[in-house]
Amino acid sequence: MLPDGARTVSAMVENVERNYYLGYAKATLLGLFEPGSIEQALQESWRPGASITRYGRRWHLTKIVAAAEDLDIGRIGFVSDDEVSTLAFDPEINDFVSGEAPSGVVVPFAVRKSDGVIVYQLRLGLVRETTFTGALEELLNSNSLPYEWSIESYVEERSFEEWLGYFPAVTRFDVTLDRPNPNYCGATWVESAVEGTHSESLRLVAKAPEGESLDTASELFQQAVDHVTRNNGQAKIVGHDKEGAESTWVKLRGVAARVAGRRVRRAVGEEEAPVEVLMEAFSAAPSTLDLVNLNARDNEG
């Protein structure tokens, strides 16, 4: 145990002003359920101590750690066996404890019981939108109750150029190029790739070397993005901002380009977002629910 003086210094270091990156999602029930049944179904499906394995990580769901009016606040997270011992999940109290087991990450979240809207913390480099929505969905569906949950992200329309201005370090590129109707509009690289292989559609996948980014100014890259923007295919492109926050730009056929809605709130606190930050973030929630599966082609948890 740390001496009192050391604990005071540690608390002062941890409680600093910082940026909290917050994501938005919505929990909905699949099947024939009454609109007002979200609260009851959530109460029955929220099983403290529930755990699932997803992409090699063992995820856990805590008890409801706080509540306020229409909100329930909880945490999900995973523990890594191959890192320094700093974090563990205690099944007896159904919550995470520090300093007793290998390290990992905790994601605090708040859910509004009346409509299933969720605010949660994005953890840079560890937990992005698809990580959270996929894990929480599986945790809520991990028991034998009759409810089946779907957790979807809120999104906002965003052009590629606007998105790239915020997330200029592109690390992954997954584009499907369709044979156009009526023509390629001067996209010679795309035309050569599709026509040269006699394809109806052609998929291009690229990943940047560790610590580097793809050349978004290259002719092939720009022509491919322009091609799908004209509804001749689809794309999923991952980029990072200067602080390392990750975002995914998604463009599907016949649908406006979208990114998962997120907000940044600056407050004093530890690395884990305080409950007050989660609660206040509901006032800035995006208004459009994503009907596109952001987990598609996503092989990382």
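The values are calculated or read from the model by the stated rules, or taken from the named source; none is laboratory data. Since the structure is predicted, the reported quantities are computational estimates derived from the model, not experimental observations. For neighbour counting, all protein chains shown are included, and Cβ atoms are generated from backbone atoms with ideal geometry for every residue, glycine included.
Scanning the stretch 194-225 for residues that are in contact with a Lys or Arg (Cβ under 9 Å, 6 or more places away or on another chain) and among the hydrophobic types (A, V, I, L, M, F, W, C), which turns out nearest to Asn183 (Cα to Cα)?
The extreme case among them is Val194.
Looking only at residues that are over 19 Å from Glu272 (Cα atoms) and not hydroxyl-bearing (Ser, Thr, Tyr) in the stretch 54-67, which one is surrounded by the most Cβ atoms within 10 Å (Cβ to Cβ)?
Out of the qualifying residues, it is Arg57.
Can you tell me which residue in the stretch 69-84 is modelled with the highest pLDDT, limited to those that are surrounded by 13 or more Cβ atoms within 10 Å (Cβ to Cβ) and either more than 28 Å from Asp115 (Cα to Cα) or hydroxyl-bearing (Ser, Thr, Tyr) (or both)?
Val79
Which of the residues belonging to the stretch 182-192 are in contact (Cβ under 8 Å) with a residue 12 or more places away in the chain and either within 24 Å of Pro209 (Cα to Cα) or not aliphatic (A, V, I, L, M) (or both)?
Kept after step one, since they are in contact (Cβ under 8 Å) with a residue 12 or more places away in the chain, are these residues of the stretch 182-192: 184-185, 187-190.
Matches in the stretch 182-192: Tyr184, Cys185, Thr188, Trp189, Val190.
Looking only at strands (runs of 3 or more DSSP E) that lie completely in the stretch 138-220, which have at least 2 residues being of a type in the set (Ser, Thr, Tyr), at negative phi and modelled with pLDDT of 95 or more? Steps first, please.
Numbers: elements: 148-153, 155-157, 169-178, 201-207.
So the answer is 169-178.
Give the residues of the stretch 138-193 that are among the acidic types (Asp, Glu), surrounded by fewer than 20 Cβ atoms within 10 Å (Cβ to Cβ) and in contact with a Lys or Arg (Cβ under 7 Å, 6 or more places away or on another chain), sorted by residue number.
Result: Glu138, Glu156, Glu157, Asp174.
Within the set of pairs 6 or more residues apart or between chains, which connect a residue that is more than 30 Å from Asn231 (Cα to Cα) inside the stretch 256-268 to a residue that is among the charged types (D, E, K, R) and part of a strand (DSSP E or B) with Cβ atoms less than 9 Å apart?
These pairs meet every condition: Arg266/Glu17; Arg266/Arg18; Ala267/Glu17; Ala267/Arg18; Val268/Glu17; Val268/Arg18.
Hey, can you tell me all the residues within the stretch 265-301 that are among the aliphatic types (A, V, I, L, M), under 23 Å from Asn19 (Cβ atoms) and modelled with pLDDT under 90?
Ala284, Ala285, Leu294
Select from the stretch 228-263 the residues that are of a type in the set (D, E, K, R) and in a strand (DSSP E or B) and write down the one among them that is nearest to Thr131 (Cα to Cα).
Glu246
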